[in-house]
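S.K.: Input: one structure, supplied below.
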Amino acid sequence: MTREPKQRLKIAVGIPSTGRPKILAATVPLIEQQNRLPDQIVICTLKPSDTPENLEAGMSVPLLSLQSTSGLAKQRNDIIRALPDFDILLFLDDDFLMAPNYIAEVEKLFL
């Protein structure tokens, strides 16, 4: 008995950030312009003021905001722990702007 390959992977976007709430406010909503939306977005900052207020307002993709202790590796590890059941975790810089087909191409590559 052969298994059919998955046609859709469970994809999350993880964004560690520190002290750049205006950048997050500008870039995170642009993820909604992807032609293949992620299933989850996780932002990990060092303090609550690093995350813009109401960032999740109007977004269709679930957004989880975490606080961590200092260090990029620690922030990434906290994001990984928050997403145990995902096929792909795509880490992005807080100022990275994706082409509209970026996530779709990542999924295609992994499939």
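The values are calculated or read from the model by the stated rules, or taken from the named source; none is laboratory data. Note that this is a predicted model, so its numbers are computed, not measured. Every residue, glycine among them, receives a Cβ derived from its backbone with ideal geometry; neighbour counts consider all protein chains shown. Accessible surface is based on the protein model in full, side chains and every heavy atom, while ligands, DNA and RNA are left aside. Shrake-Rupley method; radii C 1.70, N 1.55, O 1.52, S 1.80 Å.
S.K.: From Cα coordinates alone, what are the radius of gyration and Dmax values for the stretch 1-60 in angstrom?
M.R.: 15.0, 53
S.K.: Also, I was wondering about something else. Quick check for me: using +1 on Lys/Arg Cβ and -1 on Asp/Glu Cβ, what's the dipole size of the chain about its Cα centre, in debye to the nearest 20?
M.R.: Using Cβ point charges on Lys, Arg, Asp and Glu, the chain gives about 240 debye.
S.K.: Evaluate the chain: find the radius of gyration of its Cα atoms, find its Kirkwood radius, and give the ratio Rg to Rh.
M.R.: 0.99
S.K.: What does the charge count around residue 59 come to, taking other residues whose C-beta lies under 14 Å from its C-beta (Lys +1, Arg +1, Asp -1, Glu -1)?
M.R.: -4
S.K.: Just the number: Rg to Rh for the stretch 66-111, Cα atoms, Kirkwood Rh, two decimals.
M.R.: 1.02
S.K.: Kindly state, to the nearest 0.05, the FRET efficiency for residue 18 paired with residue 97, given R0 = 22 Å and r defined as their beta-carbon distance.
M.R.: Computed FRET efficiency for residue 18 and residue 97 comes out at 0.70.
S.K.: For the chain, take the longest principal axis of its alpha carbons; what is the angle in degrees between that and the long axis of helix 72-82, to the nearest 10 within 0 to 90?
M.R.: 50 degrees
S.K.: Take the Cβ-Cβ distance between residue 67 and residue 105 as r, set R0 to 25 Å, and report the resulting FRET efficiency rounded to the nearest 0.05.
M.R.: Once the sixth-power term is evaluated, E becomes 0.20.
S.K.: Further question: Please work out the Cα convex hull volume for the stretch 35-83 and give it in Å³ per residue.
M.R.: 83 Å³
S.K.: Also, quick follow-up: Which GluC sites (Glu not before Pro) in the stretch 12-63 pass both tests, a DSSP loop state and at most 10 other beta-carbon atoms within 10 Å?
M.R.: Of the GluC sites (Glu not before Pro), the ones in loops of the stretch 12-63 whose Cβ has at most 10 other Cβ atoms within 10 Å are 53.
S.K.: Sticking with this one: Once amide H atoms are placed 1.01 Å from N in the peptide plane, what residues at a sequence separation of 5 or more from residue 42, or on another chain, have their amide H within under 5 Å of its amide H?
M.R.: Placed amide hydrogens put 13, 14, 15, 64 under 5 Å from residue 42.
S.K.: Find how much the distance from residue 7 to residue 26 grows on full extension, using 0.36 nm per residue of separation minus their present alpha carbon separation; answer in nm with one decimal.
M.R.: 3.7 nm
S.K.: Return the carbon/sulfur percentage of the accessible area of the chain, one whole number, probe 1.4 Å, all protein chains in place.
M.R.: Its accessible area is 54 percent carbon and sulfur atoms.
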